[in-house]
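One structure is given here, and the rest of the page talks about it.
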Amino acid sequence: MNKFLSIALVSFFTTPLGAQNINALINAKEVERIETVLASDDMQGRKTFTAGIEKAADFVSNEFKKAGLKTFNKAVDYRQSFFMLKPSLIKVSCILDGQPVAENQVNVITATKDVSFKNGEDFEQIIIGSNENFFSKAQDLLQSGKNYIVFVDTSFTKNFNRLAFFKRQLQPMTGSVVFVLTNQVPKEYTVEAKHSFDTLKLSNIVGVLPGKSKPDEYVIFSGHYDHLGIGKPIKGDSLYNGANDDAAGTTAVIMLAKYFKALHNNERTIIFTTFTAEEIGGFGSQYFSKQLDPLKVMAMFNIEMIGTESKWGANSAYITGYEKSDMGAILQKNLEGSSFTFYPDPYTEEQLFYRSDNATLARKGVPAHTISTSKMDNEPNYHKPSDEIGTLNLNNMAEIIKAIAISAKGIVSGKETPSRVDTTLLK
């Protein structure tokens, strides 16, 4: 950063805010303290369902406690615990018009031990044609909670078995979805499947600052605290510390919680949450989002990988789905006079708006966006053991967190409300 920009930022971010100076609460030293713990070898990469992520959960919970946050919905602690089911297929049989279908052409995704039906019995028939978005439609069906038999065009043969991603872990659900790879829509069919399940417990960490005059209007700050754990060695290192992905976002959430608590002037209720299970399908944010009325959520700041400089360099970040609401414009307006810039997502072909923990609430119309600096075309340590604290720009991280804090002031105060996401455009 050149000298002129440094002076401009210091002037902007040291303006007294209430009785607090933002630099006393959000600074590189505090970033380093939190990152050092979350990305330590002791956390063993924070993989879901491991002792390492439990240590991380304890740490984040303790930070929320020190910040003086309330628990969510008067819970006994900051853990928002829920269960997932790990299925094991025992047997499956599918017959179309009297002809048996090979097992590798059938995928049954269910939280029910026994699935047995024939045409006309409680399962709605769906066709996914060759011109459709296979995984997007499959995900919508799986999240509906309804029973479907889905006939998938054989043009998707190469990717059909990737549906197994959705059945690695399952949230208890009311529906079952059977995918069958075929070009012929049968007149008659029967399906039978049997599974066994292991029950697995996991937890989001959630803290709350109740709003003063608008307690039923929510603003969410989030990141995910899970990562990949211990994996394939690269240059002799098999521990995936996840300093940027997403200890960086979790660090930001903790620091923002302490900042807004110190200000003590939020008119809207602020919810701070660090999600579990992002790396295995976004299950933590999906569960969390279902506990809220989306109409009461005014905005969501999801923070993902802010530890490295963006493609524009220091003092910048991008916002996914920038054009889908005016939230980005509001944030940038509130940064006038600083040298910090929020840009629209430059990697639209990656569809990042749909790929992080903001997606569930965004699909329900909430102006829920992810803030990131990750260079999707050139992030050398992404999902590698080299994603360690030494690769992060801690000073720049602190400036990004300050920018989020300052730019959110109008939304947190209730004076500004971003436009809703048009759900008819979320295709």
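The values are calculated or read from the model by the stated rules, or taken from the named source; none is laboratory data. Being a predicted model, the structure only gives us computed values, none of them experimental. In this analysis, Cβ positions are derived from the backbone assuming ideal geometry, glycine residues included, and neighbour counts consider all displayed protein chains.
State which residue pairs qualify: first residue touching a residue at least 60 places away in the same chain (Cβ under 8 Å) and inside region 30-43, second residue of a type in the set (Asp, Glu) in any location, beta carbons under 9 Å apart, and separation of 6 or more residues or different chains.
34/63; 39/387; 39/388
Checking the conditions here, which among 296, 364 is farther than 29 Å from residue 36 by Cα, charged (D, E, K, R) and under 18 Å from the mean Cα position of the chain (by Cα)? Give the steps one after another, and end with the answer.
Working: 296 fails: under 18 Å from the mean Cα position of the chain (by Cα).
Going through 296, 364 in turn, the sole match is 364.
Has region 91-105 got at least one residue that is under 19 Å from the mean Cα position of the chain (by Cα) and not aliphatic (A, V, I, L, M)? Let's see the steps before the verdict.
Start the filter on region 91-105 by keeping residues that are under 19 Å from the mean Cα position of the chain (by Cα), which leaves none.
Within region 91-105, none of the residues are under 19 Å from the mean Cα position of the chain (by Cα) and not aliphatic (A, V, I, L, M).
For region 298-308, name all the residues that are surrounded by fewer than 24 Cβ atoms within 10 Å (Cβ to Cβ) and under 21 Å from residue 254 (Cβ atoms). If you could, list the steps in order and put the result at the bottom.
The initial filter retains those residues of region 298-308 that are surrounded by fewer than 24 Cβ atoms within 10 Å (Cβ to Cβ), namely 298, 308.
Listed by number, the list holds a single entry, 308.
Given the criterion closer than 23 Å to residue 282 by Cβ, modelled with pLDDT under 95, of a type in the set (Gly, Ala, Ser) and surrounded by 15 or more Cβ atoms within 10 Å (Cβ to Cβ), identify the matching residue among 39, 111, 56. Outline the logic, then answer.
Details: 39 fails: modelled with pLDDT under 95; 56 fails: modelled with pLDDT under 95.
Criteria check complete, one pass: 111.
Would you check which residues across region 380-419 are surrounded by fewer than 22 Cβ atoms within 10 Å (Cβ to Cβ) and under 19 Å from the mean Cα position of the chain (by Cα) and list them?
382, 383
Within region 312-387, considering only strands (runs of 3 or more DSSP E) that don't extend past its boundaries, which have at least 3 residues that are touching a helix residue (DSSP H, G or I) at 6+ places or on another chain (Cβ under 6 Å)? Spell out the reasoning first.
Numbers: elements: 316-319, 341-344, 368-372.
In region 312-387, there are no strands (runs of 3 or more DSSP E) which contain 3 or more residues that are touching a helix residue (DSSP H, G or I) at 6+ places or on another chain (Cβ under 6 Å).
Restricting attention to region 263-274, does a residue exist that is assigned to a helix (DSSP H, G or I) and closer than 24 Å to residue 30 by Cβ? Steps first, answer last, please.
Of region 263-274, the ones assigned to a helix (DSSP H, G or I) are 263.
Next, only the ones that are closer than 24 Å to residue 30 by Cβ stay: 263.
Checking region 263-274: at least one residue is assigned to a helix (DSSP H, G or I) and closer than 24 Å to residue 30 by Cβ.
Of (1) of a type outside the set (Gly, Ala, Ser); (2) under 20 Å from the mean Cα position of the chain (by Cα); (3) buried (at least 19 other Cβ atoms within 10 Å of the Cβ); (4) part of a strand (DSSP E or B), residue 201 satisfies all except one. Which?
That leaves (3) as the condition not met.
For region 280-297, enumerate the residues that are buried (at least 23 other Cβ atoms within 10 Å of the Cβ) and out of contact with any Phe, Trp or Tyr (no Cβ under 9 Å at 6 or more places or on another chain).
289
Give the residue, chosen from 307, 337, 284, that is at pLDDT below 95 and in the same structural domain as residue 362 (by TED's automatic domain parsing).
Numbers: 307 fails: at pLDDT below 95; 284 fails: at pLDDT below 95.
Being at pLDDT below 95 and in the same structural domain as residue 362 (by TED's automatic domain parsing) holds for just one of 307, 337, 284, which is 337.
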